[in-house]
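K.L.:
Sharing a structure with you now.
Every read-out reported here was derived from the displayed coordinates using simple, explicitly stated rules and does not represent laboratory data. This one's a predicted model, so the numbers in the text were calculated from it and none came from an experiment. In this analysis, Cβ positions are derived from the backbone assuming ideal geometry, glycine residues included, and neighbour counts consider all displayed protein chains.
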Amino acid sequence: MAIDVGAEAINRSNYTTSGFTRLALDNLANADGSLDTIEIWASSNMSGTKVGTLYLVSGTTYECRDSETIGDVTAGSKQSFTGLDCDVVTNDVVAAYWSGGYMERDSSGYAGVRYVSGDQLTIDNQADYSALMADDAMSLYGTGTAGGGATEKTGSDTGAGADAKASGSPLAAINGSETGSGADSLPSRDITLPESGSGVDALVSLQTPAAKTASDTGYGVEGTPLSGATLAAVDTGAGVDALVSLQMPAAKTSSDAGSGVEAVPVYSAVLVGSESGSGVEAFIARLLAAAEAGCGAEASEIGGGGLLKHLFASELGEGADGLTAKIEIPTKGGGMRLWT
Amino acid sequence: MPPVVTATFNSSGTHTKNGWLKVRFDLCYGQGGKTYPLHYVDHFDREPTEEELADEARLALIPTHKELNPTICHFITIDPETTRDELEAKVREIFDADTLSQLDNLLSDVEWLDATRWRVKEVSLRQVVQLMNASAKRGSGGIVPYSTDIQQLIEEVNARLAGLEVEVGD
């Protein structure tokens, strides 16, 4: 869908002067997107020209949404400027500031032009455009494409909803103080401490392993399908902390408590002395050390990998802790119940 | 015979936007171009005053001469280190013969409001927007680091590219 904003850039009967930021009340923006073309007809050569989009805050106060430098504008014919990228939202107005020369203007039959002294076209800058040239129009017209444009995220941004960066450089870095929620899905982002993830904080193609450190708490769907994550000593995992293709072994230390689906299907993990496992802690090639008690689906299969499971003297085996190859002395009991 | 078309670096448009460095090239179609008659126009020998602009009779007294205005001014994203040769090659690539022909046809497709006032037909303007908004026409470059002195960067780039004029459409 095409976007347009402002009055057409034609040779008009009057002119308007420099040194002010002037916004056009005619033809508010008809869609969200990006203005990539601006047309201007200058009465005399204009210099230091900037254009921008503004939105009404309240009364006659407008805030600059985006702006871009154009430079000199030659008088005498319509000048078209392409290759721009100026964010625009439905009902925005188009505005311009120039430091020298005049722009074509009509003084009747239009919605009017508001203005304020000086260059106000700095992003997020608010100004009171109380001065009005009623019924006027100036030859400033913007066109573009709906849905275009890029949203830059800076360190202080908090992203929510559809703050997705869709064009330009597709990468956005969320730094330590940011929290992401909703559809802030950034396919190639880095997460640094001390972030906390909730909801669908999916890191689809994370290129580097995400190290979870002591203070991380993970819940929801914190999937890292292509890369590794290391759960350190005091990590607790819940929900679908699935590491589908973990590149590095996950070492579980004594105080880890594992629950939910903490599956490490490719590589081995070691449960040390005091650990207890529950739920689907299936480690295909793991070792259970001395004081472990296995239950649930802690099956240690012996087969193609040639790996053995050792149950030591004090262990209790039950459930699917099937021990099919090697049993250490002393061995008592019968059937699958080894020790009673 | 196709018109001579020149793309001239215009230092007044050099700026950064969202961290990208952009430079401006003004495209002028010489005699034979369909847009030539629209942009080969009278210019005052000196800039008129505000009072003269407000008074047509006084304005008419200022001597004039003919000048060829740009048909289109296009912004290209570049790397800060881009050389003149690299940019010249990029400009030739952007403004190839086919693009020049399309721009000339579209931007000369005007309707006249009266003897002196014209506008490009909306349908053609849309096509210009579409044509020049293609990613290949917009250039590319790395993000300028936040620590960069932007004003100094602009001065350096303008000094490096000063006077660059490329005859395009070969």
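K.L.:
May I ask you to compute the full-extension gain from B:ASN105 to B:GLU86, defined as 0.36 nm times their residue separation minus their alpha-carbon distance, rounded to one decimal in nm? Before the final figure, lay out the partial values.
P.N.:
Working: separation 19, 0.36 × 19 = 6.84 nm, distance 2.84 nm.
Extra length available between B:ASN105 and B:GLU86 comes to 4.0 nm.
K.L.:
Taking the beta-carbon count within 10 Å as an exposure proxy, list A:SER117, A:SER43, B:SER11 from fewest neighbours to most.
P.N.:
Working: A:SER117 10, A:SER43 23, B:SER11 18.
Starting with the residue having the fewest Cβ neighbours, the order is A:SER117, B:SER11, A:SER43.
K.L.:
Report the local net charge at A:GLU63: Lys and Arg +1, Asp and Glu -1, summed over other residues whose C-beta lies under 15 Å from its C-beta.
P.N.:
-4
K.L.:
Could I ask something else about it? Net charge around B:ASP96, counting only other residues with Cβ within less than 12 Å of its Cβ (Lys, Arg = +1; Asp, Glu = -1)?
P.N.:
0
K.L.:
Right, next: Can you pull the one-decimal nm distance between simple spin-label points at A:THR17 and B:LEU131, each 7 Å off the Cα toward Cβ?
P.N.:
Each label point is offset 7 Å from its Cα along the Cβ direction, giving 4.0 nm.
K.L.:
Once you've got the Cα coordinates, tell me which of A:LYS78/B:LYS90; B:LYS34/B:LYS121; B:LYS22/B:LYS137; A:LYS50/A:LYS78 are over 21 Å apart.
P.N.:
From the list (A:LYS78/B:LYS90; B:LYS34/B:LYS121; B:LYS22/B:LYS137; A:LYS50/A:LYS78), the Cα-Cα distance tops 21 Å for A:LYS78/B:LYS90.
K.L.:
Among A:VAL57, B:VAL120, B:VAL23, which comes first, second and so on when ranked by fewest other beta-carbon atoms within 10 Å?
P.N.:
Going from sparsest to densest Cβ surroundings: A:VAL57, B:VAL120, B:VAL23.
K.L.:
Net charge around A:LEU25, counting only other residues with Cβ within less than 14 Å of its Cβ (Lys, Arg = +1; Asp, Glu = -1)?
P.N.:
That works out to -2.
K.L.:
I've got another one for you. In nanometres, what is the gap between the two model label sites at B:ALA57 and B:TRP112, each 7 Å from Cα along Cα-to-Cβ?
P.N.:
Placing both labels 7 Å beyond Cα along the Cβ direction yields 2.9 nm.
K.L.:
For B:ARG138, B:ARG24, what's the fewest-to-most ordering of other Cβ within 10 Å of each Cβ?
P.N.:
Going from sparsest to densest Cβ surroundings: B:ARG138, B:ARG24.
K.L.:
Another question, if that's okay. Starting from the Kirkwood radius over alpha-carbon pairs of region B:18-170, derive D by Stokes-Einstein at 25 °C in a medium of 0.890 mPa s and give it in µm² s⁻¹.
P.N.:
This corresponds to a translational diffusion coefficient of 136 µm²/s.
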